[in-house]
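Throughout, read-outs are computed from the coordinates displayed, never taken from laboratory work. What you see is a predicted model; the values in this text were computed from it and never measured. Positions of Cβ are generated from backbone atoms using ideal geometry, with glycine treated the same way; all protein chains shown enter the neighbour counts.
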Amino acid sequence: MSYKGKAWKFGKNIDTDAIIPARYLNTSDPGELGKHCMEDADPQFVEKMSTGDIIVGGDNFGCGSSREHAPIAIKAAGISSVIAASFARIFYRNAINIGLPIFESAEAAKAIEEGDEIEIEPSKGIIRNLTKGETYNASPFPEFMQSIMSAGGLISYVKEQVEQRRN
Amino acid sequence: MGMTITEKILAAHVGRDRVRPGDIINAKVDVVLGNDVTAPVAIKEFEKLGAEGVFDKERIVLVPDHFTPNKDIKAAEQSKIVREFARKYGIVNYFEVGRMGIEHCLLPEAGLVLPGDLIIGADSHTCTYGAVGAFATGVGSTDMAAAMALGEAWFKVPETIKFIYKGKLNPWVTGKDLILYTIGDIGVSGALYKSMEFTGDVIKNLSMDARFTMANMAIEAGGKNGIFEPDEVCLEYVNRRAQRGFAIYSSDKNADYAQVIEYDVSNIEPQVAFPHLPENTRPISDVGEVKIDQAVIGSCTNGRIEDLRVAAEVLKGKTIHKNVRLIILPGTQEILLQAIREGLVEIFIRAGAAVSTPTCGPCLGGHMGILANGERAISTTNRNFVGRMGHPGSEVYLANPAVAAASAVRGRICSPEEVM
């Protein structure tokens, strides 16, 4: 399995208010949230992007609020994955918990330019820039987080535990 | 090698003698918190788990505070989901409009968060409770859902940065200025994934309200938690409120810190964070001419009685500038009552301010004071991101309550000294 799409570049400290402004938080419907993905960073983003595309951010991507609506909006808009130099910790947790693939790579975040064709092999943490013919490595996830991701998110993982406790 | 207070609390909640930074642990939680924005998502996920009930009806706290009193039909539907969940599962600590407060003002006041606790909340400012010597951190809705079922959550044990505040505080300098100065120094990712431990002689003499303000903004430096060792000031506060036992932890002298940062506070003036990041701080003497359209005093950062007292001290007998709207939001019903008893509300209203029931409201651009394109606000809240309080073309400047009050009088950002 791999993710392939066009890169959309954003700067550092992209906050969750830019990813999904609070004026849309009176709903938790993923379809509605997806329509406003990245709106305050780039008002035309949802119109310009295509399904499968990849967001590339700088340091501290997803800083600010704990709103899970942020990774939900990105996922629902059709973005396949997010690469950043580093992630804010609540966003990082939320993305893993809801199954939005994220990759931490300062190297990739720096080298990739807007519009580059990117292919990611998640199991190996390899990011390929097909436009430039370059390859970057993403930091590996700790084993525990890998097990959440391979279960399909935290809810599937916890569901198994709830069932075990019952038996 | 010794342990920090954060490491000790985490170790106690996994039943181990010690944990080390980097360890991934599955820890028991004492309190799980959610609000009207985050709990509906958590409830939807919780129902997928097939759990027979919540892990502890008394340890889940639900506070609809963001868009309440309900600002529109969609918000009303969100609150309804939370209310019905609370009824269905017999949640003891559900706080309805009229009896509620802004969650991070309310929980400490109600004695629901205590020293030594491990607290998670589906709200990034959950780190506020570090002021009572608890490990408290913000999580998302799915984490909240899992914790409501299991009473557990996973954590990576953070490294700790120790901050030492020394010297004598200047007039009008508060906890807000110390934390803004700190964020200005280390940056909005300066404490990413790390614990921030606040220590030093200055801290010992700081009120609980000021400590809540500091711990509240640890997240604005990227911190996982902000924490103070419980001392006499803290115990005086919690002993009056606690209805269950608690544990006091403190850092060992030989604890290992990722970094130790010392500040001489006698160099610190009241701080103002310019748009659009909390790290864009300047001392008040360096602000220049910044005209404002609105001033907001309140929020989980600065909506406590001490904040209202200092605002009233500045506003007493004065009139708000004709071009400014001043909105004051006491943090809880109890704080509002106290402000009425002390005559503060009368001072505010006579000065020309609007005084609101407790709500997060304008802080996140929800309701009760949204900014139009091109408008500028000074606010005692915690974030000044693009569009935070309304239109993406508006601007937010962060400051302490005295600076916000003085600026409301002058119509431009200024030092309280200018109007006293």
### Message
Under 12 Å between alpha carbons, and skipping anything fewer than 8 positions from B:K204 in its own chain: which aspartates and glutamates qualify?
### Response
B:E229, B:D231, B:E232
### Query
Roughly speaking, what is the centre-to-centre gap between region B:366-380 and region B:213-271 when only Cα atoms are used, to the nearest Å?
31
### Task
Distance from a point 7 Å along Cα→Cβ of B:R244 to each backbone N in region B:29-73: keep the residues under 13 Å and list them by number.
B:29-33, B:55-61
### Query
Near the amide H of B:E395, under 5 Å away, which other amide H atoms are found, from residues 5 or more places off or on another chain, if H is placed in the peptide plane?
B:E375, B:R376, B:A377
### Query
Who wins for biggest fluctuation among B:P278, B:P392, B:P40 in a Gaussian network model of chain B, springs between alpha carbons below 10 Å?
B:P392
## Note on the structure
The lysines whose Cα lies under 18 Å from the Cα of B:K88, excluding any fewer than 8 residues away in the same chain, are B:K44, B:K48, B:K57, B:K80
## Note on the structure
Of all DSSP beta bridges with both partners in region B:5-262, the antiparallel percent, nearest 5, is 15
### Message
What does the net charge come to around B:H125 if you take all other residues with beta carbon closer than 10 Å to its beta carbon, with K and R at +1 and D and E at -1?
### Response
-2
### Relative exposure of A:S81, B:S266, judged by other C-beta atoms within 10 Å (fewest first)
B:S266, A:S81
## Note on the structure
Between B:K80 and A:E163, the two model label points (7 Å from Cα along the beta-carbon direction) sit apart by a distance in nm of 3.4
## Note on the structure
Summing +1 per Lys or Arg and -1 per Asp or Glu among the other residues with Cβ less than 14 Å from B:G151's Cβ gives -3
### Task
Take the Cα coordinates of region B:202-325, assign each an equal point scatterer, and use the Debye formula without solvent to give log10 I(q)/I(0) at q = 0.14, 0.16, 0.22 Å⁻¹.
-0.89, -1.12, -1.73
### Query
Between B:L235 and B:V419, what FRET efficiency comes out of the Förster formula 1/(1 + (r/R0)^6) with R0 = 41 Å and r the beta carbon distance, rounded to 0.05?
0.65
### Task
Work the Kirkwood hydrodynamic radius out for region B:271-418: mean of 1/r over every pair of different alpha-carbon atoms, inverted, in Å.
14.6
### Eligible lysines near A:K124 by straight Cα distance, threshold 22 Å, same-chain separation 8 or greater
A:K4, A:K6, A:K75, A:K110, A:K132
### Summary
Binned at 20 Å from zero, the C-alpha pair distances of chain B give percents of 29, 59, 12, 0
### Convex hull volume of region A:58-97 per residue (C-alpha atoms, cubic angstrom)
62
### Query
Which cross-chain or sequence-distant (5 or more) residues have an amide H under 5 Å from the amide H of A:I102, H modelled 1.01 Å from N in plane?
A:V82
## Note on the structure
Computed, not fitted: 222 nm per-residue ellipticity of chain B from DSSP H runs ≥ 4 (each -39500 (n - 2.57)), nearest 500, equal to -8500 deg cm²/dmol
### Summary
Once phi for every residue in region A:133-139 is put through the Karplus expression 6.51 cos²θ - 1.76 cosθ + 1.60 (θ = phi - 60°), the whole-Hz ³J(HN,Hα) values, with Gly and Pro written as x, are x, 10, 10, 10, 10, 9, 5
### Message
Report for region B:271-418 the percent antiparallel among DSSP-assigned beta bridges with both residues inside it, nearest 5.
### Response
25
### Summary
At R0 = 22 Å the Cβ-Cβ FRET efficiency linking B:E313 and B:S266, nearest 0.05, sits at 0.45
### Message
If you consider only alpha-carbon coordinates, what radius of gyration and Dmax does region B:267-344 have, in Å?
### Response
14.2, 38
#### Entry: Net charge contributed by nearby residues that have their C-beta within less than 15 Å of B:Y94 (K/R +1, D/E -1)
0
#### Entry: Using θ = phi - 60° and Karplus 6.51 cos²θ - 1.76 cosθ + 1.60, couplings along region B:83-96 (whole Hz; Gly, Pro as x)
4, 5, 4, 4, 5, 4, 9, x, 5, 6, 9, 9, 10, 7
### Task
Can you tell me the relative contact order of chain B? Whole percent, Cα pairs under 8 Å, sequence separation 6 or more.
17
### Task
Starting from the Cα gyration tensor of the protein assembly as shown, take the square roots of the eigenvalues, sort them a ≥ b ≥ c, and report rounded, prolate or oblate (rounded when a/c is under 1.5, otherwise prolate if a/b is larger than b/c, else oblate).
rounded
### Message
I need A:S2, A:S123, B:S189, B:S124 ordered by Cβ neighbour count within 10 Å, fewest first.
### Response
A:S123, A:S2, B:S189, B:S124
### Query
Within the protein assembly as shown, what percent of beta bridges assigned by DSSP are antiparallel, to the nearest 5?
30
### Query
Quick one: Cα centre-to-centre distance for region B:1-74 and region A:104-132, in angstrom?
35
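Please list the three semi-axes, largest first and in whole Å, of the ellipsoid equivalent to region A:1-155, using sqrt of 5 times the eigenvalues of its alpha carbon gyration tensor. Please list the in-between numbers first.
Numbers: eigenvalues 97, 67, 38 Å².
Here the semi-axes work out to 22, 18, 14 Å.
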